[in-house]
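**Student:** My structure is below; once you've seen it, I'll send some questions.
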């Protein structure tokens, strides 16, 4: 009797041990929710979320204003400064692409109803519906025709006319865009927002890419300068 009782107690203990070793059940819907929350938190911490996107846009816009002022100055004597004009233009292409990308990302996230982007709200309806699209299209035309002129080695003709016409449209749209946002730039550029290292690396990479593109196309720019000088018969003014 004693041995049977001992055997029964041992069996019960073994059953209880097996039960205790079974993994506790977690509600299946909690796993993806928790994972998505962690990923979202990490991404937002590294990039700064919508505030980081706004700062990136402001930093790139500030760089663009400086470079575009230099590009505009070359127009005063474009026939003698055509090499500089083309060099800065090619340098601008990756920077402009980043600006369009950061702005487009904000609008995409807003229309996808991402909470933090919705809270910041969209730009003014006139900027969003009229000025913004016009600025993007004219920017593509200005730089597209400029690159075409460089590779076609042309200083007159239809492409030159398109380049000048698109520049006129671009100037108006860009002027309105700058006036609408320029006062916010200092505050946004110097704000302390997580992910500043990532944004700085991105901007630096874009500038390096622009410089490499400008250097690679410099021989073509010099050739275009020589053609313009020979056509107009002088090297100044």
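The values are calculated or read from the model by the stated rules, or taken from the named source; none is laboratory data. These figures come from a predicted structure and were not determined experimentally. Glycine also receives a Cβ, built like all others from the backbone with ideal geometry; neighbour counts cover every protein chain displayed.
**Student:** Evaluate the stretch 109-132: report whether one residue or more is assigned to a helix (DSSP H, G or I), free of Cβ contacts under 8 Å to residues at least 24 places away in the same chain and within 21 Å of residue 209 (Cα to Cα).
**Tutor:** The answer is no, given that none of the residues of the stretch 109-132 is assigned to a helix (DSSP H, G or I), free of Cβ contacts under 8 Å to residues at least 24 places away in the same chain and within 21 Å of residue 209 (Cα to Cα).
**Student:** Which is surrounded by fewer than 19 Cβ atoms within 10 Å (Cβ to Cβ) and under 18 Å from the mean Cα position of the chain (by Cα), of 72, 157, 104, 121?
**Tutor:** Details: 72 fails: under 18 Å from the mean Cα position of the chain (by Cα); 157 fails: under 18 Å from the mean Cα position of the chain (by Cα); 121 fails: under 18 Å from the mean Cα position of the chain (by Cα).
Of 72, 157, 104, 121, the one residue that is surrounded by fewer than 19 Cβ atoms within 10 Å (Cβ to Cβ) and under 18 Å from the mean Cα position of the chain (by Cα) is 104.
**Student:** Go through (1) closer than 19 Å to residue 66 by Cα; (2) out of contact with any helix residue (DSSP H, G or I) (no Cβ under 8 Å at 6 or more places or on another chain); (3) modelled with pLDDT of 95 or more and name the single condition residue 201 misses.
**Tutor:** (1)
**Student:** Looking at 178, 196 in this structure, which one is under 17 Å from residue 66 (Cβ atoms) and under 19 Å from the mean Cα position of the chain (by Cα)? Break it down stepwise before answering.
**Tutor:** Numbers: 196 fails: under 17 Å from residue 66 (Cβ atoms).
The conditions single out 178.
So that you can scan it fast, the table gives a plain yes or no per residue for (1) exposed (fewer than 14 other Cβ atoms within 10 Å of the Cβ); (2) assigned to a loop (DSSP other than H, G, I, E, B); (3) in contact (Cβ under 8 Å) with a residue 40 or more places away in the chain:
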{"site": "141", "(1), (2), (3)": "no, no, no"}
{"site": "148", "(1), (2), (3)": "no, no, no"}
{"site": "151", "(1), (2), (3)": "yes, no, yes"}
{"site": "173", "(1), (2), (3)": "no, no, yes"}
{"site": "178", "(1), (2), (3)": "no, no, yes"}
{"site": "206", "(1), (2), (3)": "no, no, yes"}
{"site": "221", "(1), (2), (3)": "no, no, yes"}
{"site": "230", "(1), (2), (3)": "yes, no, no"}
